[in-house]
Amino acid sequence: MGFLELFILAVGLAMDAFAVSICKGLTLKKADGVSMAKCGLWFGGFQALMPIVGYLLAKQFASFVVGVDHWIAFGLLLLIGLNMIRETIWGDEDDANDDFSIRTMALMAVATSIDALAVGVSFAFIHANIWVASAVIGIVTFALSAAGLYLGRKIGSRLGSKAGLLGGLVLIGIGIKILIEHLNH
């Protein structure tokens, strides 16, 4: 996986956190640097950690599935992308609030990074450099989450639903690309 593909994947994974950050920004009286940093650190940190966890778990059973790894990566990315699209269309996201407590932020960070865990599993099957991938995912998510909080405060909720839809479509597209590349070899 090249850097451009990894960057696009990171943007796709960050869309849930971006959308939630926008919603969180809607509840704030002001989106200052401290709030933006908190939001970025929570979401970016979990998005960076979860692929590593998924990767390490997958390495434990990789020898059992080496012949179908491309199908697993495709299936995971397809399911994650479809779930993001479903959540965007039917609005399964929690109600937004201005609470930055550990409990609230940890729950939201975990909820928005489950897809990154599954992507980490798929990284094990395509032999991606997990450390570089996790760093890129974390940095991109940090930036988009901080920006989402600011944008949510400034422009409202119009972009939030589009962000989740775009993220889902990007993940599905990358899953299809992985499948096609492996089937053509």
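The values are calculated or read from the model by the stated rules, or taken from the named source; none is laboratory data. No experiment lies behind these values; they were computed from the predicted model shown. We place every Cβ from the backbone using ideal geometry, glycine too, and count neighbours over all the protein chains shown. These area figures cover heavy atoms from the full protein model, side chains too; ligands, DNA and RNA do not enter into them. Shrake-Rupley method; radii C 1.70, N 1.55, O 1.52, S 1.80 Å.
Run down the lysines and flag those whose C-alpha is under 28 Å from the C-alpha of LYS154, throwing out any fewer than 8 positions away in its chain. Leaving aside lysines fewer than 8 places away in the same chain, those within reach of LYS154 are LYS24, LYS29, LYS30, LYS38, LYS162. Against the chain, whose longest principal axis is taken from its Cα atoms, helix 69-90 shows a tilt of about 20°. The packing ranking, built from the mean of other Cβ atoms within 10 Å per residue, places the peptides 73-80, 176-183 in the order 73-80, 176-183, highest first. Count Lys and Arg as plus one, Asp and Glu as minus one, and take only other residues whose Cβ is under 12 Å from that of ILE114; the net charge is then -3. Solvent-accessible area of the chain (1.4 angstrom probe, protein heavy atoms only): carbon and sulfur portion equals 69 percent. Evaluated with a Cβ-only charge set (Lys, Arg +1; Asp, Glu -1), the chain carries a dipole of roughly 420 debye about its Cα centre, given to the nearest 20.
A 1.4 Å probe run over the chain, with the rest of the protein chains in place, finds 50 Å² accessible per residue. Label separation (VAL132 vs LEU169): 2.9 nm, computed from points 7 Å beyond Cα along the C-beta direction. Label positions at LEU4 and ALA111, each projected 7 Å from the Cα along the C-beta direction, are separated by 3.6 nm. Helix content alone sets the calculated 222 nm mean residue ellipticity of the chain: runs of n ≥ 4 DSSP H residues at -39500 (n - 2.57) each, divided across all residues, give -29000 deg cm²/dmol.
Taking every C-alpha pair closer than 8 Å and separated by at least 6 residues, the mean separation divided by the residue count of the chain gives a relative contact order of 52 percent.
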